[in-house]
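S.K.: The following block contains the structure, expressed as structure tokens.
The values are calculated or read from the model by the stated rules, or taken from the named source; none is laboratory data. Just so it is clear, the structure is predicted and the values come from calculations on it, not from any experiment. Positions of Cβ are generated from backbone atoms using ideal geometry, with glycine treated the same way; all protein chains shown enter the neighbour counts.
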There are 2 protein chains.
Amino acid sequence: MKYPNNLNKNFVKTFSYSNRGMDLEAELNETNEYYLEKDQALIFKKPTPIGLADVSYNEKGRIINKAYFKEPSTLDYNGLYKGKYIEFEAKVTQNKTSFPIQNIHPHQIEHLKKVLKHHGIVFLIIKINDLVYLLKGTDFVDFLNNSTRKSIPYDYLQTKGYLIKYGYNPVLDYLKIVDEVYKEEFYEKSTI
Amino acid sequence: MKYPNNLNKNFVKTFSYSNRGMDLEAELNETNEYYLEKDQALIFKKPTPIGLADVSYNEKGRIINKAYFKEPSTLDYNGLYKGKYIEFEAKVTQNKTSFPIQNIHPHQIEHLKKVLKHHGIVFLIIKINDLVYLLKGTDFVDFLNNSTRKSIPYDYLQTKGYLIKYGYNPVLDYLKIVDEVYKEEFYEKSTI
């Protein structure tokens with residue numbers, strides 16, 4: 001890899017990692033706002049859980065003077081689409097050959113399994129090599145159950161995942177993929 | 001109303017209001033933990049949304065040095081129960097004769113209507129006169145559409161609402177009421 005002469009390698013790596021992480025989040029937030037405006041779905045990113053260490057009051061209300069980020073025990077996005085519960089986590093990796101599983105906290109993996117058990121729609125959205133894949137929760141759990149690897153090979157994501165194509169508006173129309181991937185769940189629903 | 005001699009009326013009012021507000025939240029959190037442990041439902045209080053004004057880094061990670069609370073645009077609790085999307089808001093009022101509608105932000109009311117439209121289960125849990133009522137989202141919207149009052153009379157809550165009784169474990173078994181109130185939705189589901 002080539003880096004601009006005046007930047008060292010670590011700086012570039014850190015910078016581009018967080019930058020791309022922000023990008024996917026921004027893209028999904030924009031997409032969710034689009035769905036909200038078009039009244040297609042109600043899907044929101046949950047606020048990051050924080051622990052309050054010092055709170056004071058002024059004329060405008062409560063002010064947080066010290067707080068820290070807590071580890072999430074659920075996935076970042078959840079909501080309602082065509083009468084179904086939807087939940088997902090979105091992650092970016094700079095790895096080119098695999099997705100490190102440690103990106104998903106153990107509590108989140110346990111939670112994902114529970115969502116499956118309670119008949120919710122749950123998946124991961126993974127950005128790797130500038131491509132965005134939807135990986136069904138069941139396929140993620142299958143991988144965990146059948147592999148001792150600490151990362152999911154890019155091959156697996158290409159084979160089992162569903163490519164979410166970039167578009168103009170919405171930017172990342174992942175519900176189009178959800179419609180295809182989970183069509184039987186919606187079909188059952190509509191036949192009631 | 002009688003107040004202890006050494007406390008002025010406003011102080012008592014403010015203190016007991018926030019204290020009881022915490023109580024209901026604590027009771028619901030405890031109940032949700034019970035449901036989680038018993039694998040009955042996955043229902044969580046959303047973290048309060050905050051705006052970050054100043055964040056720094058140390059060896060442990062990110063530290064928030066200044067932040068403020070933002071107004072929520074969804075309801076406080078949401079999750080998954082028997083394959084259905086559930087969302088609700090919980091509020092305590094010290095009023096004895098009515099529940100002031102301003103306790104629910106206009107954005108939250110709009111959101112509640114959208115959840116109904118997208119076939120989610122949505123309701124309010126209101127604590128008034130030390131009793132806890134579940135008011136269906138549809139009955140709340142009916143009241144808003146048919147009244148110019150700025151508060152919901154206690155009578156209406158007693159007539160249209162469903163009393164959630166206090167118990168030992170779980171403290172507030174509101175899903176028992178949800179089962180009764182929304183039984184047709186679950187029935188439809190189970191006949192698939």
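S.K.: Take the range A:140-165 and flag every residue that is under 19 Å from A:PHE88 (Cα atoms), surrounded by 13 or more Cβ atoms within 10 Å (Cβ to Cβ) and in contact (Cβ under 8 Å) with a residue 24 or more places away in the chain.
M.R.: A:PHE140, A:VAL141, A:LEU144, A:SER151, A:ILE152, A:LEU157, A:GLN158, A:LYS160, A:GLY161, A:TYR162, A:ILE164
Per-residue answers, yes or no, for (1) within 29 Å of A:LEU52 (Cα to Cα); (2) small (Gly, Ala, Ser); (3) touching a residue at least 60 places away in the same chain (Cβ under 8 Å):
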{"residue": "B:GLY61", "(1), (2), (3)": "yes, yes, no"}
{"residue": "B:PRO106", "(1), (2), (3)": "yes, no, no"}
{"residue": "B:GLU110", "(1), (2), (3)": "no, no, no"}
{"residue": "B:HIS119", "(1), (2), (3)": "no, no, no"}
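S.K.: Could you say which residue among A:ILE86, A:ILE63 is surrounded by 15 or more Cβ atoms within 10 Å (Cβ to Cβ), within 26 Å of B:ARG62 (Cβ to Cβ), of a type in the set (Val, Ile, Thr) and modelled with pLDDT of 85 or more? Step through it out loud before you land on a result.
M.R.: On the way: A:ILE86 fails: within 26 Å of B:ARG62 (Cβ to Cβ).
When all the criteria are applied, what remains is A:ILE63.
S.K.: Of all residues in the range A:142-192, how many are closer than 24 Å to A:TYR77 by Cα, hydrophobic (A, V, I, L, M, F, W, C) and not in a helix (DSSP H, G or I)?
M.R.: 5
S.K.: Can I ask one more? Across the range A:35-51, what is the number of residues that are at the interface with another protein chain (Cβ under 9 Å from one of its Cβ atoms) and at pLDDT below 95?
M.R.: Total satisfying the criteria: 5.
S.K.: Considering only residues that are within 30 Å of B:ILE86 (Cβ to Cβ) and aliphatic (A, V, I, L, M), which ones fall in the range A:56-98?
M.R.: A:ILE64, A:ALA67, A:LEU75, A:LEU80, A:ILE86, A:ALA90 - these are the residues of the range A:56-98 that are within 30 Å of B:ILE86 (Cβ to Cβ) and aliphatic (A, V, I, L, M).
S.K.: Restricting the search to the range A:117-133, which residues are surrounded by fewer than 21 Cβ atoms within 10 Å (Cβ to Cβ) and aliphatic (A, V, I, L, M)?
M.R.: Let us first name the residues in the range A:117-133 that are surrounded by fewer than 21 Cβ atoms within 10 Å (Cβ to Cβ), namely A:117-119, A:129-131.
A:LEU131 - this is the single residue of the range A:117-133 that is surrounded by fewer than 21 Cβ atoms within 10 Å (Cβ to Cβ) and aliphatic (A, V, I, L, M).
S.K.: Which residues, counting only those in the range A:52-87, are farther than 18 Å from A:LEU134 by Cβ, in a strand (DSSP E or B), of a type in the set (Ser, Thr, Tyr) and more than 7 Å from chain B (Cβ to nearest Cβ)?
M.R.: A:SER56, A:TYR57
S.K.: When you check B:ASP76 against the structure, is it surrounded by 15 or more Cβ atoms within 10 Å (Cβ to Cβ) and either more than 18 Å from B:PRO153 (Cβ to Cβ) or touching a helix residue (DSSP H, G or I) at 6+ places or on another chain (Cβ under 8 Å) (or both), yes or no? Don't jump to the end; show me each part of the working.
M.R.: Numbers: surrounded by 15 or more Cβ atoms within 10 Å (Cβ to Cβ): yes; either more than 18 Å from B:PRO153 (Cβ to Cβ) or touching a helix residue (DSSP H, G or I) at 6+ places or on another chain (Cβ under 8 Å) (or both): yes.
Spelling it out, B:ASP76 is indeed surrounded by 15 or more Cβ atoms within 10 Å (Cβ to Cβ) and either more than 18 Å from B:PRO153 (Cβ to Cβ) or touching a helix residue (DSSP H, G or I) at 6+ places or on another chain (Cβ under 8 Å) (or both).
S.K.: For the range B:100-109, indicate whether the set of residues that are within 13 Å of chain A (Cβ to nearest Cβ), over 21 Å from A:ASP39 (Cα atoms) and surrounded by 16 or more Cβ atoms within 10 Å (Cβ to Cβ) is non-empty.
M.R.: Kept after step one, since they are within 13 Å of chain A (Cβ to nearest Cβ), are these residues of the range B:100-109: B:107-108.
Filter again for over 21 Å from A:ASP39 (Cα atoms), leaving none.
Within the range B:100-109 (the criterion being within 13 Å of chain A (Cβ to nearest Cβ), over 21 Å from A:ASP39 (Cα atoms) and surrounded by 16 or more Cβ atoms within 10 Å (Cβ to Cβ)), the answer is no, since none of the residues qualifies.
S.K.: Let me ask something additional. For B:LYS114, indicate whether it is outside any strand (DSSP E or B) and either buried (at least 16 other Cβ atoms within 10 Å of the Cβ) or hydroxyl-bearing (Ser, Thr, Tyr) (or both). Give the steps one after another, and end with the answer.
M.R.: On the way: outside any strand (DSSP E or B): yes; either buried (at least 16 other Cβ atoms within 10 Å of the Cβ) or hydroxyl-bearing (Ser, Thr, Tyr) (or both): yes.
So B:LYS114 passes the test.
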